[in-house]
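Engineer: Sharing a structure, written as structure tokens. Questions coming.
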Amino acid sequence: MNKTICKILIMCGTFLCSAQTQASGADELMSEMLQDFNKIGDNLSTKQRLDKYEDIFKNLNEIYAEYSDSEYAIKLLSNQSIGNFNPAVVRKNYINELSSYYDKVCETTPTLSCLGFVSLKTGVEQCETARSVPQLNQGHDSILNAIQLFLGQEKDSVYGELAMDAYRSCTSSARRYVSQWQRDYYATQLISPLVSIGQRDMAKAVIENMESPYFKFEGVLSLEQQSAKKKDAAYIKRLQRYIDEKMPTDSVDTMLAKIRLGLFSMERSNMQHDYSSARDAVYGRLRRNDSNIQCGDGEFPRYVFDLITDYQTSLYNLDPSLRNINAGQMKIVMTSAADAPYKTVGITGEKIKDPRGVGYALDSCAKTDENANYSLMALIHGYLLLDEGRDVAKDFLKLAKQNTMNEEELYSYYIDKSVHSLDELNQKIAENESSFVANLLIQPKARFAVYKKRVDFGDVCEASKMLFQELKQTDSYSKAINYMYSSDAIDFSNKYSCGDEELELLLN
């Protein structure tokens, strides 16, 4: 068993690590597999061939489960051939023969298992042709459906193990490079489904084969997430001590583990959460040269965004008797969770508050994709939770995950949802803000949205001042003029008095 996962699990009291098994056990299983493989041929009936394949994959899964550190397991998991035994080819042939066999059976005697074979075959094909992360996601999802169905039906458990093998091999068969971080992410998606259908030992084996420190930690928490028993403060502190002692300082692994532990403690413990503990979970620094901070296909910042918004939502939903945090402190925690860059106005004048921690990870794609402003999206989500409640925040989150809004459109959405009158608009603009709390209405990209609100409320004088003093030199100038002309809130037959025009001409 991997030493790192052993340390985590011993600290959690989950299970004890066993001694390393002798390599001879893996040799014996591999020998049996090769013998069965060499017997498969046209001289056997379909049923006999399926029986041989079944024996092969029973031994294969035993190698994965019992001898995960062996040379055989490492090679087989990466779809490397051993002699004339190519695991990817054997797996594909087995699935094709199974699907063909059950296509005929299911026509006359349809069962729930038939759906599983369709999902398995579809998923394997999706994995083999995947050239992008969304396509890989589809393949994994299809196979995961088959796993849950097969393992949920006791008589089909052997097919569940076959589907498990197909799931593990999906990234290796894809037509693109998949990082170890991404591989371990897919592996964590197996934990909760396996535990929910009583396959706890199989879930442990999945965790043992992970390499990323964070995902090993996430795997252990997912394993315990299904437990009905609430965890005490001592349990949470043991996990925090593991992060402090075993994970690199200022690393992505440490940052994500702290957030995930904070989320776990809110969902699975009866601990009191105060301002200090809530902010500490999301506040910190990151090394800019951490190799895990990467854009790739955008999956990394999306994962961090999902984790951050889950944390914000859980904190908001936390039983008030367990949350000793006032309204002002809640806003600071929501701001820290997003770690977004924003303009501040203080005694020394305007300045920019730059991200130091999770913001680097959230915005790792922002330079190449104007719709990937995840730190701003997280900030808006947190503020909408506090200002407008969970339903409005949930609607925003659903839209944000589609990545269709640029920075200006995000500010516009926030202002539309959170400002309901001219008095409220003026009050929000005048609100104090600092390096701890952002005022979203004074941000440069928010000015056009504020202007539109002033027009909507019929505030002609202030809207005109913004138009000619702030927006005239921007790309929004023409849009701003058209917006005022098309507004139902302004009656151009009325005379609006906004100051002494002759005096202004003389003075300027």
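Engineer: Taking Ala366 as the residue in question, decide whether it is crowded, with 22+ Cβ neighbours inside 10 Å, under 20 Å from the mean Cα position of the chain (by Cα) and part of a loop (DSSP other than H, G, I, E, B).
Structural biologist: Details: crowded, with 22+ Cβ neighbours inside 10 Å: no; under 20 Å from the mean Cα position of the chain (by Cα): yes; part of a loop (DSSP other than H, G, I, E, B): yes.
No.
Engineer: Are any of the residues in the stretch 208-216 under 21 Å from Thr122 (Cβ atoms), open to solvent by 10 Å² or more (accessible area, probe 1.4 Å) and in contact (Cβ under 8 Å) with a residue 40 or more places away in the chain? Give the derivation first.
Structural biologist: Going through the stretch 208-216, the residues under 21 Å from Thr122 (Cβ atoms) turn out to be none.
Within the stretch 208-216, none of the residues are under 21 Å from Thr122 (Cβ atoms), open to solvent by 10 Å² or more (accessible area, probe 1.4 Å) and in contact (Cβ under 8 Å) with a residue 40 or more places away in the chain.
Engineer: Shifting gears a bit: Only one of these conditions is not met by Asp165: (1) open to solvent by 20 Å² or more (accessible area, probe 1.4 Å); (2) of a type outside the set (Gly, Ala, Ser); (3) more than 18 Å from Leu112 (Cβ to Cβ). Which number is it?
Structural biologist: All conditions are met except number (1).
Engineer: So, of the residues in the stretch 430-477 that are part of a loop (DSSP other than H, G, I, E, B) and among the aliphatic types (A, V, I, L, M), which turns out to be farthest from Gly357 (Cα to Cα)? So that I can check it myself, show each step before the final result.
Structural biologist: So the first thing to find is which residues in the stretch 430-477 are part of a loop (DSSP other than H, G, I, E, B), and the list is 430-439, 443, 457-459, 470-476.
Retained after the next criterion (residues that are among the aliphatic types (A, V, I, L, M)): 430, 437-438, 471.
Values: Ala430: 28, Val437: 16, Ala438: 16, Leu471: 33 Å.
Filtering the stretch 430-477 for residues that are part of a loop (DSSP other than H, G, I, E, B) and among the aliphatic types (A, V, I, L, M), the one farthest from Gly357 (Cα to Cα) comes out as Leu471.
Engineer: Ok, one more. Keeping to the stretch 305-322, report how many residues are open to solvent by 30 Å² or more (accessible area, probe 1.4 Å), modelled with pLDDT of 95 or more and more than 17 Å from the chain's Cα centre (by Cα).
Structural biologist: Summing the residues that are open to solvent by 30 Å² or more (accessible area, probe 1.4 Å), modelled with pLDDT of 95 or more and more than 17 Å from the chain's Cα centre (by Cα) in the stretch 305-322 gives 2.
Engineer: Still on this structure: Scan the stretch 369-399 residue by residue and report those that are surrounded by fewer than 23 Cβ atoms within 10 Å (Cβ to Cβ) and part of a loop (DSSP other than H, G, I, E, B).
Structural biologist: Within the stretch 369-399, Asp369, Glu370, Asn371, Ala372, Gly389 meet the criteria.
Engineer: Follow-up question, since we're still on this one. Cβ-Cβ below 9 Å, separation at least six or inter-chain, first residue in the stretch 97-122 and on the phi > 0 side of the Ramachandran plot and open to solvent by less than 20 Å² (accessible area, probe 1.4 Å), second in a helix (DSSP H, G or I) and among the small types (Gly, Ala, Ser): which pairs?
Structural biologist: none
Engineer: Also, I was wondering about something else. Which ones in the stretch 414-428 are surrounded by fewer than 15 Cβ atoms within 10 Å (Cβ to Cβ) and not hydroxyl-bearing (Ser, Thr, Tyr)?
Structural biologist: Taking the stretch 414-428 as the starting set, the residues that turn out to be surrounded by fewer than 15 Cβ atoms within 10 Å (Cβ to Cβ) are 416, 420-421, 423-424, 427.
Asp416, His420, Asp423, Glu424, Gln427, listed by residue number.
Engineer: Working only within the stretch 114-143, note down all residues that are among the aliphatic types (A, V, I, L, M) and within 18 Å of Phe57 (Cα to Cα).
Structural biologist: Taking the stretch 114-143 first, the residues among the aliphatic types (A, V, I, L, M) are 115, 118, 120, 124, 130, 133, 136, 143.
Across the stretch 114-143, the qualifying residues are Leu120, Val124, Ile143.
Engineer: Would a scan of the stretch 480-497 turn up a residue that is in a helix (DSSP H, G or I), open to solvent by 30 Å² or more (accessible area, probe 1.4 Å) and closer than 25 Å to Pro341 by Cβ? Give the steps one after another, and end with the answer.
Structural biologist: Going residue by residue through the stretch 480-497, those that are in a helix (DSSP H, G or I) are 480-485.
Keeping just the survivors that are open to solvent by 30 Å² or more (accessible area, probe 1.4 Å) gives 481-483, 485.
With closer than 25 Å to Pro341 by Cβ added as a condition, the list becomes none.
Taking every residue of the stretch 480-497 in turn, none turns out to be in a helix (DSSP H, G or I), open to solvent by 30 Å² or more (accessible area, probe 1.4 Å) and closer than 25 Å to Pro341 by Cβ.
Engineer: Related question: Which one of the conditions (1) touching a residue at least 12 places away in the same chain (Cβ under 8 Å); (2) in a helix (DSSP H, G or I) does Ser321 fail to meet, given that it meets all the rest?
Structural biologist: Checking Ser321 against (1) touching a residue at least 12 places away in the same chain (Cβ under 8 Å); (2) in a helix (DSSP H, G or I), the one that fails is (1).
Engineer: OK, next. State the number of residues belonging to the stretch 123-146 that are open to solvent by 20 Å² or more (accessible area, probe 1.4 Å) and either over 13 Å from Ala166 (Cβ atoms) or in contact with a Pro (Cβ under 7 Å, 6 or more places away or on another chain) (or both).
Structural biologist: Going through the stretch 123-146 one residue at a time, the tally reaches 8.
Engineer: Look at Tyr177 and say whether it is open to solvent by 20 Å² or more (accessible area, probe 1.4 Å) and in a loop (DSSP other than H, G, I, E, B).
Structural biologist: Working: open to solvent by 20 Å² or more (accessible area, probe 1.4 Å): yes; in a loop (DSSP other than H, G, I, E, B): yes.
Yes, satisfied.
Engineer: Separate question: Kindly state which helices (runs of 4 or more DSSP H) lie completely within the stretch 66-163 and contain at least 1 residues that are at pLDDT below 85, touching a Lys or Arg at 6+ places or on another chain (Cβ under 8 Å) and under 30 Å from Ser31 (Cβ atoms).
Structural biologist: On the way: elements: 71-77, 87-108, 112-129, 133-152.
Where helices (runs of 4 or more DSSP H) fall fully within the stretch 66-163 and carry at least 1 residues being at pLDDT below 85, touching a Lys or Arg at 6+ places or on another chain (Cβ under 8 Å) and under 30 Å from Ser31 (Cβ atoms), they are 71-77, 87-108.
Engineer: Can you tell me how many residues in the stretch 279-338 are among the hydrophobic types (A, V, I, L, M, F, W, C) and more than 13 Å from Met255 (Cβ to Cβ)? Write out each step before concluding.
Structural biologist: First pass over the stretch 279-338, keeping only residues among the hydrophobic types (A, V, I, L, M, F, W, C): 281-282, 286, 293, 295, 300, 304-305, 307-308, 315, 318, 322, 325, 327, 330, 332-334, 337-338.
Right, trim to more than 13 Å from Met255 (Cβ to Cβ) and you get 295, 305, 315, 318, 322, 325, 327, 330, 332-334, 338.
Looking only at that region, the number is 12.
Engineer: Among the residues of the stretch 354-364, is there at least one that is at pLDDT below 85, within 17 Å of Phe436 (Cβ to Cβ) and acidic (Asp, Glu)?
Structural biologist: Yes: the stretch 354-364 contains one or more residues that are at pLDDT below 85, within 17 Å of Phe436 (Cβ to Cβ) and acidic (Asp, Glu).
The values are calculated or read from the model by the stated rules, or taken from the named source; none is laboratory data. Here the structure is a predicted model, which means the values were calculated and not measured. Because the Cβ atoms are built from the backbone with ideal geometry, glycine has one as well, and the counts that use them run over all protein chains shown. Heads up: the accessible areas ignore ligands, DNA and RNA and are worked out on the full protein's heavy atoms, side chains in. Shrake-Rupley method; radii C 1.70, N 1.55, O 1.52, S 1.80 Å.
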